Amino acid sequence: MRFVRDYLIPRLVQYVLVIFFGITAVFLIPRFTGQDPVLEIIAQIQTQGGSLDPIAVRKLTETLQELYGLRGTLWEQYVNMWRRVFHLDFGPSLFQFPTPVSELLRIYLPWTIGLFATSTLLAWLLGNVLGGIAGYFSSQSWSKILDAVIMVIRPVPHYIFGVLLLILFAYVWALFPAGGLMLGRRTVVDLRFVMIILRYSFLPALTLVVLGGAGWFQQMKLLVQNVRREDFVQYAQAGGVKERVIISRYVMRNAMLPQITQLALVLGQVFSGVLMVEMVFSYPGMGLLLYRAVTRGDYNLVMGIAILSIFTITTAVLLLDLLYPLLDPRIRHR
Amino acid sequence: MEALRELFRDYRFAVGFVFLVLLAALAFLSFFSPYDPVRWLQVPRDEPPSWKHILGTNAKGQDVFWEATFAIRNSLVVALIAGLVSRVVAVLVGFLAGYKGGVVDRVLMGVADGLLVIPLFLILVLVAMLLREAMTIVNTGLLLAFFGWAWDARTIRAQILSLREREFTQTSLLSGNSTLSLVSKEYVPFTIPLIFSTLISNIAWAIGMEIVLAILGLVRLEIPTLGTMLQWAITRQAMLLGHWWWIATPLALTVILLVALYWLSVSVSEYLDPRMRIQRIGAR
Amino acid sequence: MDAIITVENLQAFYVLEVMGERKVIKAVNGVDFAVLRDEVYGIAGESGCGKTTLLKAIFAALEPPLRIFEGKVYYYPNGERVDAFSLAGEARRKLRWTYISYIPQGSMSVFNPVKRLRITFLDFLKSHVGGKREEELLTLAREHLVRLGLTPQVLNGYPHQLSGGMRQRVAIALATLLKPRVILADEPTTALDVVAQRAVLQLLRDVQKEFRSTIIVVTHDMGIHAQITDRMAIMYAGRIVEEGLTKDIFARPLHPYTRYLIQSLPKVGDKNTKESAPGSPPSLLYLPPGCSFHPRCSEVMEHCVQEIPPLKKINESHWVACWMREG
């Protein structure tokens, strides 16, 4: 099977390699910066007025080193870290001591995945369909107006766009809550619960769909303008094939393919955008968790979030890569 | 010069350019500021815009207008450092991978792809967290440069690959020119416009990234940048208190700056891409 | 003899706006000819002489920046004369594939790359044949392939799975699906190896015999004209410079340009070096004054620089535009 050898295996190898190097980077980078998080925390405690005697300092240092996996040689630390990664054990969180980091991640991750998956899918579909139609009818005035509007929206970063929506729809017109959805203990999933989620997720999702959709729109428009000039489209037009069929089956269907590859390439950036939007709207996901972890110096939690995110993104990219051959026969039947 | 004249024909280029010049002028004004950008309580606090303070004053007792001039200047410096330094890396990697091909290409592009797949932002946060105290303007710029080259290295590599396929590469090599003179004489002129267009988009990326790092409190917050200005306004509840002039100023400046940069880069890359140029000609 | 396509004083130009400047490329610059029922008509000339543009105009496929400045193209469906340019969109769509059909240049990419060929064939059939179920249409397509000596199995594959020659033959099958009266073939054998070329030419000949269609072949390759065309025209810089029966043109070429084209063909046992026309075709943007060929012509006279030679009748079927044949 050439498909397995030329397509599948390289991608699986890449999957494993990226995870390996990514997590190794997360391990090494803090150690290269020459900063000692343990000393920093002790200093933090001392500046906050807690006077510690030398014995207490040494004991605390040892405990913290243990927790951070900073004991032993670099190699031992490294092996140790992998063991912990496989057991999903990232030690306790510091700002919610002694809740384990993995417990926090378990609570917050589904929210992020939900927002990430829904908004990315919506943005991709909307952007591509609108962009495709606008590209096919690029000489029409509505297509030009839409394009001009998107030229202004596209360059705005997630954080800024989020703040703008927040000011507009939560302060000026208080249509939506300015964030602050609390994660209680597991409640029953009923209609009320769903409505609450929708209310709190609307603005974050809107930000992501509009900004993401704007990007897909522009690329799709460009792709369609080029595909429209391809021989097989012109030939179908010459042959009198119905326009509806040409738009959907010839133009869109072909322009979509590079957009899937592109999605795999930018998924990491999209994910970063999700984290930022979660911060703006205090949406109870990994972004908010990250914000809290960073502002309180919780390294364990940041490491945990980074490692889990690497897993999430690489897996999503792998899934896209596996999906792609189903849509492109040139890969499937070599 | 002919190219520049044609670029100015595109309204997006013209508008982007004018706004960028205006913002640069604003940044330049900071040298004549009557206030110290770092000190607090130099003027009455929380005053709405007036003749004396055209953009009002903030809760720290600083004049928002003059603070903004410093913010633009510093943000531009951070972004320029990030953009220029990462260009060096991107160009080196792109040229090397594209020209050498083979194993070198695969390794370098593997690294670049890895950097692209991993949510870089998180690694950036991790590093910034450890370097927090050292996150001056220069260091922030360098850190962003360290992470901001992968995408553009890919773009430049693709360009080199296509140049390598062209005839003049073979002719030049066969006629005994050294690789170095080939690269500097033949490739560099072709790629300079592309490098310029990636520089603009990288600068925009760096400005956005600086804002996020500032929001997370991961840069030196006393140094005014667009990010730290926004950070102070948000943490001091400018939104809730209705001090719109404080939060609107960095927001508006950021949006104008980024839209201007984006329009410039779109205009330049359309100018570069012959396929899109034909579209402009053919559209009539 | 019945005409099936007539072209009258056709001028088709590309109008471009380059940096605020209007440029006109005179791709087809005053062309007259008639193609008769049942014949294979060839159009020859170097690349950039306007051959493909002429085909587009005959097919009435006019997309900006291509525009018709003057002249007419007439079709003769059911014996009546129809102006191809004034046909309404739907009427024109109906004539395509049933009356006039088109085999494109380089069929490498004329099929939708992500769909099985079956789907492409169905798309074309459905838009012309109403009131039939998909199975019936598919049977139609299969029978057509078998008639042309191709295996119906190709319908189950994707375009990239076929070889170049096979793809071109399938393209011919697609173009002839509805037994059109006229088939336009644009460089049908370019980019194919010699064996595949033969198969494609054979197929064209078969199609012509089987369906009694008229074929207009455009190619720069004089060898192909010698093999399959009955009559032919030589184009240079947007004009026809010679027209006649193919055997006459090869036996007694009258225009110096035609002689160059024929001399450049390899012949068995001929050890002389091939002579092709010196220089290159003129830019269609800035045509030289007088006869466009004069800068490359070895027999140029004073008159050639001043005035464009008209197409002049030499005998019943042979025409040439050259001042040397004057009087």
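Structure summary
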read-out: Check on B:ILE234, assigned to a helix (DSSP H, G or I), within 19 Å of the chain's Cα centre (by Cα) and of a type in the set (A, V, I, L, M); value: no
read-out: Subset of segment C:306-316 (residues that are closer than 12 Å to C:LEU254 by Cβ and in a loop (DSSP other than H, G, I, E, B)); value: C:PRO309, C:LEU311, C:ILE314, C:ASN315
read-out: Residue selected from segment C:8-43 under the condition in contact with an Asp or Glu (Cβ under 8 Å, 6 or more places away or on another chain) and aliphatic (A, V, I, L, M), by the criterion farthest from the other protein chains (Cβ to nearest Cβ); value: C:LEU36
read-out: Pairs with Cβ under 9 Å, 6+ apart, first in segment C:225-250 and under 25 Å from C:VAL24 (Cα atoms), second basic (Lys, Arg); value: C:MET235/C:LYS51; C:ALA237/C:LYS26; C:GLY238/C:LYS26
read-out: Inter-residue pairs, beta-carbon under 6 Å, first within 16 Å of B:PHE95 (Cβ to Cβ) and in segment B:139-166, second polar (S, T, N, Q) and surrounded by fewer than 18 Cβ atoms within 10 Å (Cβ to Cβ), 6+ apart; value: none
read-out: Residues that are out of contact with any Asp or Glu (no Cβ under 9 Å at 6 or more places or on another chain) and either of a type in the set (S, T, N, Q) or facing another protein chain (nearest Cβ under 7 Å) (or both), drawn from segment A:224-260; value: A:GLN225, A:ASN226, A:GLU230, A:ASP231, A:PHE232, A:TYR235, A:ALA238, A:GLY240, A:SER248, A:ARG253, A:GLN259
read-out: Selected residue [touching a Phe, Trp or Tyr at 6+ places or on another chain (Cβ under 7 Å) and closer than 28 Å to A:MET151 by Cβ] from B:ALA260, B:ALA248, B:ALA238, B:ALA252; value: B:ALA260
read-out: Qualifying residue in segment C:157-176 (condition: open to solvent by less than 10 Å² (accessible area, probe 1.4 Å), aliphatic (A, V, I, L, M) and free of Cβ contacts under 8 Å to residues at least 40 places away in the same chain); value: yes
read-out: The lone exception for C:PHE124 - which of (1) open to solvent by less than 10 Å² (accessible area, probe 1.4 Å); (2) touching a residue at least 40 places away in the same chain (Cβ under 8 Å); (3) touching a helix residue (DSSP H, G or I) at 6+ places or on another chain (Cβ under 6 Å); (4) under 28 Å from C:LYS51 (Cα atoms) it fails; value: (3)
read-out: Among (1) in contact with a His (Cβ under 6 Å, 6 or more places away or on another chain); (2) closer than 23 Å to B:ALA128 by Cα, the one test that A:ARG330 misses; value: (2)
read-out: Flag for C:PRO309 being surrounded by 11 or more Cβ atoms within 10 Å (Cβ to Cβ), more than 23 Å from the chain's Cα centre (by Cα) and either more than 17 Å from C:TYR236 (Cα to Cα) or modelled with pLDDT of 85 or more (or both); value: yes
read-out: Selection count, segment A:68-111, where residues are part of a helix (DSSP H, G or I) and either more than 20 Å from A:VAL38 (Cβ to Cβ) or open to solvent by 40 Å² or more (accessible area, probe 1.4 Å) (or both); value: 20
read-out: Some residue of segment A:216-224 being closer than 24 Å to C:SER127 by Cα and crowded, with 19+ Cβ neighbours inside 10 Å; value: yes
read-out: Total residues in segment C:170-199, condition at pLDDT below 85, outside any loop (DSSP other than H, G, I, E, B) and either within 23 Å of C:GLY48 (Cα to Cα) or in contact with a Pro (Cβ under 6 Å, 6 or more places away or on another chain) (or both); value: 1
read-out: Qualifying residue in segment B:214-230 (condition: over 29 Å from A:VAL270 (Cα atoms), open to solvent by less than 10 Å² (accessible area, probe 1.4 Å) and either assigned to a helix (DSSP H, G or I) or touching a Ser or Thr at 6+ places or on another chain (Cβ under 9 Å) (or both)); value: no
read-out: Test: residue in segment B:68-75 that is within 24 Å of B:TRP232 (Cα to Cα) and outside any helix (DSSP H, G or I); value: no
read-out: Qualifying residues in segment A:114-141 (those that are among the aromatic types (Phe, Trp, Tyr), over 22 Å from B:TYR262 (Cα atoms) and away from every other protein chain (no Cβ under 12 Å)) - the one surrounded by the most Cβ atoms within 10 Å (Cβ to Cβ); value: A:TYR136
read-out: Number of the exception - A:GLY91 against (1) at pLDDT below 85; (2) out of contact with any Leu (no Cβ under 6 Å at 6 or more places or on another chain); value: (2)
read-out: Filter result (more than 8 Å from chain A (Cβ to nearest Cβ), open to solvent by 30 Å² or more (accessible area, probe 1.4 Å) and in a loop (DSSP other than H, G, I, E, B)) within segment C:88-115; value: C:ALA88, C:THR98, C:GLN105
read-out: Enumeration of residues in segment A:1-39 that are open to solvent by less than 50 Å² (accessible area, probe 1.4 Å), more than 19 Å from A:THR261 (Cα to Cα) and more than 10 Å from every other protein chain (Cβ to nearest Cβ); value: A:THR24, A:PHE27, A:VAL38
read-out: Residue list for segment C:44-87, restricted to those being in a strand (DSSP E or B) and either within 14 Å of chain A (Cβ to nearest Cβ) or free of Cβ contacts under 8 Å to residues at least 60 places away in the same chain (or both); value: C:LEU66, C:ARG67, C:ILE68, C:PHE69, C:VAL82, C:ASP83
read-out: Segment B:167-201, residues that are in contact with an Asp or Glu (Cβ under 9 Å, 6 or more places away or on another chain) and either at pLDDT below 70 or over 21 Å from B:ASP105 (Cα atoms) (or both); value: B:PHE168, B:THR169, B:SER172, B:ASN177, B:LEU199, B:SER201
read-out: Selected residue [modelled with pLDDT of 95 or more and in contact with a Phe, Trp or Tyr (Cβ under 9 Å, 6 or more places away or on another chain)] from A:LEU165, A:LEU208, A:LEU175, A:LEU183; value: A:LEU208
read-out: Scan of segment B:92-123 for residues that are buried (at least 22 other Cβ atoms within 10 Å of the Cβ) and more than 14 Å from every other protein chain (Cβ to nearest Cβ), ordered by number; value: B:VAL93, B:GLY94, B:ALA97, B:GLY98
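The values are calculated or read from the model by the stated rules, or taken from the named source; none is laboratory data. On a predicted model such as this, the values are computed, not experimentally measured, just so you know. Heads up, the Cβs are rebuilt from the backbone with ideal geometry, glycines too, and the neighbour counts pull from every protein chain shown. Side chains included, ligands, DNA and RNA excluded: accessible areas come from the protein's heavy atoms. Shrake-Rupley method; radii C 1.70, N 1.55, O 1.52, S 1.80 Å.
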